[in-house]
Amino acid sequence: MDPLEKRLRAYAPLWGRWQLGARLYRSGGCSVYALSDGQDGTGLPCVVKAITLLGQGDGLSRQLDEAQEEIAALRRLRACANVVTLYDEDRFPLYEDGTLSGWDILLRMERLDCLAELLREGEVISAAQIRTLAKDAAAALSAVHRAGLIHRDVKPANLYRTPDGRFQLGDFGIARRSRAGLLETMAGTAAYLAPEVARGGAYDSRADLYSLGVVLYQLLNQGQLPLSGEDATYAQREAAIRRRWDGARLPPPPAGDRRLKKAVLKLCHSDPRRRFDSAEAFIKALHPPDPFWPAAAILGWLCAAAALTALFTRLAAPVPPPLPAPPDPVLSEPAPEEAADPEADGQPLQSGAENEAPIRRYTVVKAAMTWEEARIYCEARGGHLATILDQSQMDEVTAMLEEQGVDTAWLGADNRNSSSGFQWVTGEPFSFAAWAIGEPNNEGGEEHFLMLYRKDGREWVWNDSRDRGMELFEQSRCGFVCQWDDG
């Protein structure tokens, strides 16, 4: 039994009634457990979302403030039927040697089916369900935006289906209140990130609409993201995301009626000015317009059979097709370099190898980001967090870190969704490692991200760490390494 589960069982009965059940999900510092009614075993199926915060001083206070923001957002949106309902919340302090070292934040919610899990299990989402999802998710975003928030992470993993077939939006962990409708911090999941967010510029609620558009396009495209096929390699999927960010025109998805396809393509436009202005406008576009009866025609119908006949003839006339949409604007900036040859995907990439593999280019970024923030930063710029496949690459990377005065850096590997250990974000073989003694140890069951650090100021070693692991180190000497593969 891991330490978090032991603590949760010690806290029980939760909210004076609930007992802990099986763990359903875990990622980073967040775990979700089923709950059973400790009294009679009946009632509403519920889960507890446990968010563990670890750190000291200002770093811990900042994490607590962010968790409280998620709770406050869910409270404000409790009246919206399309937002996951928060029933109860609680928090428990953690101490180490008598000093506050963290918090367990507990949220009780209804147990729902996660859309991402449904897709992974091979369930086919029907056309009727996709249309319901479109309207329900848009209704949720409408409420979110009216509350002055931007969700910033609309994706299948944060959309849930209720027992009666409706859909709800959840996970407000990175939702933030916008100032004058604009935000400038990069956050989200790269595959669903709006281009303006990926470029690091200011953005508004239309970034959420773009993310919803990508989700709907994926559902209408047999589960595949735009411009990407079922057999696409990592490099091809990465290139497809960059093409979207650079304004590539998307073909209509194969499934769905004409009205839904047209609305989804508008949501997915790379230029936010060409998207719907609001979630309400998108919902309106999904519904056919009310029939229009000119007063003169009604009068003619009442006055003479001849006018009635003329009216029927007029109504039965074929509707002319709509004018084609104007072409997307051509961006003045050059497109990023294309990804590596797909045939070389999955093969070891040797630094500087000629005529055999792409040449690896590195950049050191000095910034105390989370692993996920660093990953998005690199991918938004056409690269990825660096991978290290042999000692020569290790030496090259560490030399650059020393030159830049960085002692702790993220690398591009994690084991969040792998039963076989750490995996590189590129899918390359994980055949080289430089773990410190006793690592990886997955302390607390929450260390899923690869960190490279200078032990005792001398030896460079690997360590598995939490997403926010940088907070335990000197912030001015933290960073990460971005990599580009030039073929």
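Residues 275, 166 ordered from highest to lowest accessible area at a 1.4 Å probe: 166, 275. About its Cα centre, the dipole of segment 24-155 is roughly 660 debye, where the only charges are +1 on Lys and Arg Cβ and -1 on Asp and Glu Cβ.
Averaged over its residues, segment 357-469 has an accessible area of 40 Å² per residue, based on protein heavy atoms and a 1.4 Å probe. Annotation: peptides 51-57, 121-127, ranked by per-residue average of other Cβ atoms within 10 Å with the highest first, follow the order 51-57, 121-127. Note that segment 89-96 has calculated 3J(HN,Hα) couplings of 9, 7, 8, 10, x, 10, 10, 9 Hz, one per residue in order, obtained from phi through the Karplus relation 6.51 cos²θ - 1.76 cosθ + 1.60 (θ = phi - 60°); glycine and proline are x. Taking square-rooted eigenvalues a ≥ b ≥ c of the alpha carbon gyration tensor, is segment 98-166 rounded, prolate or oblate, where a/c under 1.5 means rounded and, failing that, a/b exceeding b/c means prolate? Because a/c hits 1.5 or more and a/b fails to exceed b/c, segment 98-166 counts as oblate. The residue among 74, 140, 124 whose Cα reaches farthest toward the positive pole of the charge dipole of segment 66-154, with charges on the beta-carbon of Lys, Arg, Asp and Glu, is 140.
When a 1.4 Å probe is rolled over the protein heavy atoms, the share of accessible surface on segment 228-277 that falls to carbon and sulfur comes to 48 percent. Sorting 155, 366, 455 on solvent-accessible area from highest to lowest, probe radius 1.4 Å, gives 366, 455, 155. Fully extending the segment from residue 392 to residue 456, taken as 0.36 nm per residue of separation minus the present Cα-Cα distance, adds 20.8 nm. Other residues within the sphere of radius under 11 Å centred on the Cβ of residue 407, judged by their own Cβ, net out at +2 (K and R +1, D and E -1). When the Cα positions of 4, 59, 95 are compared along the charge dipole of segment 1-109, 4 comes out farthest toward the positive end, with charges on each C-beta of Lys, Arg, Asp and Glu. Residues in segment 38-130 average 51 Å² of solvent-accessible surface per residue, probe 1.4 Å, ligands and nucleic acids excluded. From most to least packed by mean Cβ count within 10 Å, the peptides 147-153, 251-257 give 147-153, 251-257. Our note on the geometry: Cα centres of segment 371-423 and segment 219-264, 28 Å apart.
Quick check: from the Cα gyration tensor, does segment 429-487 come out rounded (a/c under 1.5), prolate or oblate? Rounded, since a/c falls under 1.5. Extension gain, residue 202 to residue 476, is 96.1 nm, computed as 0.36 nm per intervening residue step minus the present C-alpha separation. For residue 286, project a label point 7 Å along Cα to C-beta. Then give me every residue of segment 234-265 with its amide nitrogen under 17 Å of that point. Label zone hits: 253, 255-265. Say each of residue 127 and residue 91 gets a label point 7 Å from the Cα, pointing the same way as Cα to Cβ; how far apart are those two points in nm? Placing both labels 7 Å along Cα→Cβ, they lie 4.9 nm apart.
Residues whose amide H comes within less than 5 Å of that of residue 112, counting only those at least five positions distant or on another chain, are absent (H built at 1.01 Å from N in the peptide plane).
Label positions at residue 25 and residue 56, each projected 7 Å from the Cα along the C-beta direction, are separated by 3.4 nm. With both labels modelled 7 Å from their Cα along Cα-to-Cβ, the residue 367 to residue 17 distance reads 4.5 nm.
Protein heavy-atom surface of segment 60-109, 1.4 angstrom probe: 45% of the accessible area is carbon and sulfur, with nucleic acids and ligands not counted.
Maximal additional length on extending the residue 164-residue 434 stretch stands at 92.1 nm, based on 0.36 nm per residue less the C-alpha distance. Computed from point charges on the beta carbon alone (+1 for Lys and Arg, -1 for Asp and Glu), the dipole magnitude for segment 75-139 about its Cα centre is near 520 Debye.
The values are calculated or read from the model by the stated rules, or taken from the named source; none is laboratory data. What you see is a predicted model, and the numbers here were worked out from it, not measured in a lab. All Cβ positions, even for glycine, are placed from backbone atoms using ideal geometry, and neighbour counts span all protein chains on display. Accessible surface is based on the protein model in full, side chains and every heavy atom, while ligands, DNA and RNA are left aside. Shrake-Rupley method; radii C 1.70, N 1.55, O 1.52, S 1.80 Å.
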